[in-house]
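Encoded as structure tokens, the structure appears first; notes follow it.
The values are calculated or read from the model by the stated rules, or taken from the named source; none is laboratory data. Here the structure is a predicted model, which is why all the values come from computation and not from measurement. Reconstructed Cβ throughout: ideal geometry from the backbone, glycine too, with neighbour counts over all protein chains shown.
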Amino acid sequence: MTPRVEEILGGYGGDNPGTLTNLSRLLNHGRLAGTGKLVILPVDQGFEHGPARSFAPNPPAYDPRYHFELAIEAGCNAYAAPLGFLEAGARAFAGEIPLILKVNDDDVLLTDKDPDQALTASVQDALRLGCCAIGFTIYPGSAHQLQMFGQLRAYAEEAKRNGLAVVVWSYPRGAGLTKDGETAIDVIGYAVQIAAQLGAHIIKVKLPTAHIEQDAARAVYEAQHIPIATQTERVRHVLQCGFAGRRIVIFSGGAAVFDDETLLDEIRAIHAGGGFGSILGRNSFQRSKPAALKMLKAVMDIYEGAPDGGANL
Amino acid sequence: MTPRVEEILGGYGGDNPGTLTNLSRLLNHGRLAGTGKLVILPVDQGFEHGPARSFAPNPPAYDPRYHFELAIEAGCNAYAAPLGFLEAGARAFAGEIPLILKVNDDDVLLTDKDPDQALTASVQDALRLGCCAIGFTIYPGSAHQLQMFGQLRAYAEEAKRNGLAVVVWSYPRGAGLTKDGETAIDVIGYAVQIAAQLGAHIIKVKLPTAHIEQDAARAVYEAQHIPIATQTERVRHVLQCGFAGRRIVIFSGGAAVFDDETLLDEIRAIHAGGGFGSILGRNSFQRSKPAALKMLKAVMDIYEGAPDGGANL
Amino acid sequence: MTPRVEEILGGYGGDNPGTLTNLSRLLNHGRLAGTGKLVILPVDQGFEHGPARSFAPNPPAYDPRYHFELAIEAGCNAYAAPLGFLEAGARAFAGEIPLILKVNDDDVLLTDKDPDQALTASVQDALRLGCCAIGFTIYPGSAHQLQMFGQLRAYAEEAKRNGLAVVVWSYPRGAGLTKDGETAIDVIGYAVQIAAQLGAHIIKVKLPTAHIEQDAARAVYEAQHIPIATQTERVRHVLQCGFAGRRIVIFSGGAAVFDDETLLDEIRAIHAGGGFGSILGRNSFQRSKPAALKMLKAVMDIYEGAPDGGANL
Amino acid sequence: MTPRVEEILGGYGGDNPGTLTNLSRLLNHGRLAGTGKLVILPVDQGFEHGPARSFAPNPPAYDPRYHFELAIEAGCNAYAAPLGFLEAGARAFAGEIPLILKVNDDDVLLTDKDPDQALTASVQDALRLGCCAIGFTIYPGSAHQLQMFGQLRAYAEEAKRNGLAVVVWSYPRGAGLTKDGETAIDVIGYAVQIAAQLGAHIIKVKLPTAHIEQDAARAVYEAQHIPIATQTERVRHVLQCGFAGRRIVIFSGGAAVFDDETLLDEIRAIHAGGGFGSILGRNSFQRSKPAALKMLKAVMDIYEGAPDGGANL
Amino acid sequence: MTPRVEEILGGYGGDNPGTLTNLSRLLNHGRLAGTGKLVILPVDQGFEHGPARSFAPNPPAYDPRYHFELAIEAGCNAYAAPLGFLEAGARAFAGEIPLILKVNDDDVLLTDKDPDQALTASVQDALRLGCCAIGFTIYPGSAHQLQMFGQLRAYAEEAKRNGLAVVVWSYPRGAGLTKDGETAIDVIGYAVQIAAQLGAHIIKVKLPTAHIEQDAARAVYEAQHIPIATQTERVRHVLQCGFAGRRIVIFSGGAAVFDDETLLDEIRAIHAGGGFGSILGRNSFQRSKPAALKMLKAVMDIYEGAPDGGANL
């Protein structure tokens, strides 16, 4: 147990030893073990966007075994996927990589300005498959948000009672927000706070822009001169919104199509701002395995080094 | 246990021995036992379309015993039906044919652009009637889809805990789709992926056309040159969407009124594309028993032979 | 146990001995005991139409004890009523007549083009009151139909587990149907099939007319030359829709105001068509007891005799 | 046990000894003990109309202890109130007066043409507070009526299983009715019937007018010459609708502002018509305690005497 | 146990010793221990208004440990917060300050004229974190009010069974009310009554204005000459609406931006009117800790002294 992992676990005093054990499994696995940083492979795109859009660019990825192998070979901290993908490999790869069962999902065959997700797996499923955590998506700002928060509450309570960790994908979206608002700095910070108050152990958000969505928030950002001009500053502010750095906040890799340097610059900003790591889906499994391993190595290299430009929070 | 059945069961490492036992019962029964191919007789038309439309063309089919006898004599792998039909024969034919209890159904006395189904039987019903599996219909693309996915999740969890297999009828339909979209190749592939991610062991879909419904999908199909011109290619792609062939995907027999050669050509395409078999309702029970047995024999002849034109996946 | 009752019970092989015991109680009680025919007294009109409209024409009928006495004196097979009416007499008349607890009901203080019913009693209520069966109304064609089917499923499962029989009032009605369609031959046949597939042991429908409601059904009725010109033919067809006569289908007595000969002609047609009997409410309790007993005797005389004009199915 | 109480309890043969014990507690307490008549003090106005409108006319009534004392000093059969009021006195006044826990309530901060109530207490609450009965309001005629009936069903089943009695406030109201219709004789009679069929032991309604709301009912009232011209006749008819006098039907005291003679005339009519008593809220606690005691004494004097003008049913 | 605390607990005779123990913990902790007065620190603003708006004015407040420390150093009676904030400190500060777990919350990413809250924690969460009470918000006047009351009922029943106290934030709001009506004297009094009738032990409301919202209420306020001209009079009336002072009613500190003298004047009015104390969020944690401690000391000084101008109720 490194001092940094011990320090991180110190923020979760409300949890039982079972949940702390699973959190430490996530933090102490793979190449970044013990650093307090996480790189997670998530593969829910087959459900969320459809199989051809997700896997045709790299056809071996149609096979559920591929993603277990990729996560293991790359030295990721964990692999996250819906029920079917985990069921298809949990026995063959038992004990080789921490698993996160995504327990709710949506598809794009029907879309709604107020998105919602179906409950697609249970805490009991996570336990029988040997997972360390459940993953749950919420859409703050959607007309369905209150119901989703309530569902998360029930799942989180059962997960914690059974010693699992809770990872929340907090994606602001819906009638309450403009398109730009979905990644506005005030909204992303708020999305982190909501997930943290709902009891999440690990929170995944998108990287924020400098846009401010809500007038009442803008007044405060301006009055208090909160620095949000650079990506590093924004990451630092988002971490602050995550209980002053006492909740693990990780960032998604953004859209699939951009060049690697842009991606790595984002990683450097996350690292510099004190972010806990990345969750990289489409940028991992939609390229050939050698290319993916190379990219993931570059990402982990950054997280393993000292952060550019600035201390942690 | 043939090597092929063993290979197929190998894809279901997440399941307990009870469920594997029932999956192997389905794969090892009837004339196609051990081949890894399935021909299933489904009779839910009485509920879905009404009794006269379903059974008047072959009046003995009004009697629930008729379908048990037909499935047994034809050497089908299994017989699938709603609660009432199974209750009416489960004792008399106990142990003679694997049974699949259809646990949700709809009728056409009221139709909706966003279809839904009523829950009409339970996992407990399936257990007390000696069934190997439950059958559940989902309508991806309907406004009710998220709720249906959640219902399936609950049924599947209970079924798996009790050692039953889960067969999903995945029928894209509803406000999210055009009429042509219901059988579009991207949509059928997506419907298979959704069912697989929801934890289905066996997935039933319609044969796809070469139409592509979603713009975002079309871009990928074109960019990646996914071959979908022939029925065999489309079946092969659909299988790929079913976890690269690691999920049992079977195809329905289509509308009742076409000549047998068209039907058999479809079977050949399914076989050539690596499909796991067929589920033939109206084309079986709406003709006289001798004619049905002859047709089913022809279908099984195809599945027993080497596939035309092309290896498996 | 007469051969005919044994034959009828043979259609219920999916049920446990408890339920078969209660079905045989219904078939072996009263004047028609052992004949395989049933005449049941139902009194849910007080709830469904209001007390004055129901009972003022024969004021002793306001008293719940009256209906127990009428059913016993007439030699009916069973008495069916809502919770309150059964609670008011179940102890005083314990063991004297099989009881059917109606577990859902509606009133006419508020009407809806898509009717629904309230759940007004439970399976546990039926057990504590010594009933043989529960009675449940469904409205195929109503916007609420899927929910009602699901409620029936839950009630029926609990009833069967506890050894009770399930009687379904299947009344097509709602936005999916025209007024004439509610008694159309295709719709009544469909209503019987739905109830049977949902696991009903006994199904109550209205007598059908020769009208055909659904175009897709009409095509089949015409192509297959299904005989539906006479009431006897229509009854025979309805029985066929009830699993080829393997489900007990009984008919309601229609509107209260017609002369007795019309009523008795209908009974003769039901008998000739192979119907299992009648459920006669308003035509029983809205006349004086002597008149009711006389009428019920005439009805039972018909059912006890050989059917006019034609063998059973 | 007086013969009259024994006779009344004889109507409840479906109930267990626990419930009969609690019904007899209600009938055998206070000044009217053993007469078969009931005067109950209900105080749910604080919730239903607000505290100032309810208690400012007699400020001691803000204190929950006041109502216990009033009911005890007046010799009422029981005191009925929502959870908070009973919790505030149940220990101090334990055993001194039978209690009825009102388990659903509404307020007037938001009103709806289709009223509904919130579930505000449970059967378990009634048991832990030592109550004899639960009180439940239904609104026949409201768009929420079917759901309310279903809620009552569940509460009543649990109450009866635990030996409690069930008191139903049956108030016709909502989109199905005109304002006049809420107290129309046909509608009040129907409201009593519905409550009785739902299994109520005691039914509370408003005094009816001679208005007839429903056309189909009017035809019967006229054809059968049902006497409804006087209040006594209308009470008698309402009792008939309550299972021919075999269910305890009591009447509310009407609006608060009228002179006492009008109120006492109503009591005389209730008594003459065979009514089982009164439930008097605003006319009790909105005047000073001496005035209230005087009024309640006058009411009980009437119920203790022989009814004016006419035998019971 | 001081006589005043004993007197207060005397109003809760319906509760078990476990709940009384936790109520006395709240009353006997901190600087006001034993006085019968309460000053509570609530920090749900991060969820309700967003983290930057809540904590940027005093950045140490981003850290969940800060609020525990502030409440302890100030000598507050209790600290109330959502799940995440309590989980983050419950172990480190175990036993140092009574905790109230806020179990429902809302955010401002989407607002509705009829507000509602998500269920965000459970009674079981409160027990595992060592809390004395749960906190629950209701919105009387919202279209969701009946459902919220029902949720509170279920939470309160479980809390009381487990020996916890129940604190209700009763905030009138929604389609039934004007903006001014939300703090109208009749409405605030009504909000207290509703919470009390629902079984709350402690009720939090806003300070009322002299506005009267409902016509039917105005008639009574005028007829009875209820004094509501001064804040002290209004507080006294609100206490009366809380079961004549037998329920603990506390007041929130109002908007964040006003000068301290205005705030202290309000505290003096609350004290003079017999109020049980204050719950001060934004006025505490949005200033530096020394300033907050100074302000809270001034508030407690007032509550510890004799009330200005007037005896208790």
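Going by what's in this entry, would E:LYS113 be described as modelled with pLDDT under 95 and of a type in the set (Lys, Arg)? In short, yes. Can you say whether A:VAL192 is under 21 Å from A:ILE8 (Cβ atoms), more than 11 Å from chain E (Cβ to nearest Cβ), surrounded by 22 or more Cβ atoms within 10 Å (Cβ to Cβ) and among the β-branched types (Val, Ile, Thr), as far as the supplied structure shows? Answer is no for this residue. Kindly establish whether C:GLY150 is surrounded by fewer than 24 Cβ atoms within 10 Å (Cβ to Cβ) and under 22 Å from B:PHE85 (Cβ atoms). In short, yes.
Restricting attention to region E:212-231 and to residues that are more than 10 Å from every other protein chain (Cβ to nearest Cβ) and not charged (D, E, K, R), the residue that is surrounded by the fewest Cβ atoms within 10 Å (Cβ to Cβ) turns out to be E:ALA229. Restricting D:ALA118, D:ALA154 to residues that are small (Gly, Ala, Ser) and touching a Gly at 6+ places or on another chain (Cβ under 6 Å) narrows the list to D:ALA118. Considering A:PRO290, A:PRO307, the condition of being surrounded by fewer than 21 Cβ atoms within 10 Å (Cβ to Cβ), more than 14 Å from chain E (Cβ to nearest Cβ) and in contact (Cβ under 8 Å) with a residue 12 or more places away in the chain is satisfied by A:PRO307 alone.
The number of residues in region D:155-173 that are facing chain C (nearest Cβ under 10 Å) and within 20 Å of the chain's Cα centre (by Cα) comes to 5.
The listed residues are C:ARG4, C:ARG31, C:ARG25, and the only one of them that is under 18 Å from C:PHE243 (Cβ atoms) and basic (Lys, Arg) turns out to be C:ARG4. Against the numbered list (1) buried (at least 23 other Cβ atoms within 10 Å of the Cβ); (2) touching a Gly at 6+ places or on another chain (Cβ under 9 Å); (3) among the acidic types (Asp, Glu), E:ASP105 comes up short only at (2). Among the residues of region A:201-213, the ones that are closer than 16 Å to A:TYR139 by Cβ and touching a Leu at 6+ places or on another chain (Cβ under 8 Å) come to 1 in all.
Condition first: part of a loop (DSSP other than H, G, I, E, B) and at pLDDT below 95. Now tell me which residues in region D:247-278 satisfy that. Within region D:247-278, D:GLY253, D:GLY254, D:ALA255, D:ALA256, D:VAL257, D:PHE258, D:ASP259 qualify. Is it the case that B:GLY11 is assigned to a helix (DSSP H, G or I), closer than 19 Å to B:VAL166 by Cβ and within 14 Å of another protein chain (Cβ to nearest Cβ)? Yes: the conditions hold for B:GLY11. Taking D:VAL166 as the residue in question, decide whether it is surrounded by 24 or more Cβ atoms within 10 Å (Cβ to Cβ) and aliphatic (A, V, I, L, M). Yes, satisfied. Counting the residues of region B:174-188 that are within 23 Å of A:PRO115 (Cβ to Cβ) and within 9 Å of another protein chain (Cβ to nearest Cβ) gives 7.
Only one entry in D:GLN193, D:GLN231 is touching a Cys at 6+ places or on another chain (Cβ under 7 Å) and of a type in the set (S, T, N, Q), namely D:GLN193.
For E:VAL5, the requirement of being part of a loop (DSSP other than H, G, I, E, B) and more than 14 Å from chain D (Cβ to nearest Cβ) is not met. Candidates in region B:136-153 are the residues that are within 17 Å of B:ASP15 (Cβ to Cβ) and not aromatic (Phe, Trp, Tyr); of these, the one that is farthest from the other protein chains (Cβ to nearest Cβ) is B:LEU152.
Could you check, for region A:14-23, whether at least one of its residues is assigned to a strand (DSSP E or B), under 30 Å from B:PHE149 (Cβ atoms) and within 13 Å of another protein chain (Cβ to nearest Cβ)?
Filtering region A:14-23 down to residues assigned to a strand (DSSP E or B) leaves none.
No: zero hits.
Screening the candidates B:PRO60, B:PRO3, B:PRO17 for the property of being surrounded by fewer than 20 Cβ atoms within 10 Å (Cβ to Cβ) and in contact with a helix residue (DSSP H, G or I) (Cβ under 6 Å, 6 or more places away or on another chain) yields one hit, B:PRO60. Counting only residues that are touching a helix residue (DSSP H, G or I) at 6+ places or on another chain (Cβ under 6 Å) and either of a type in the set (Lys, Arg) or in contact (Cβ under 8 Å) with a residue 24 or more places away in the chain (or both), region C:222-236 holds 5 of them.
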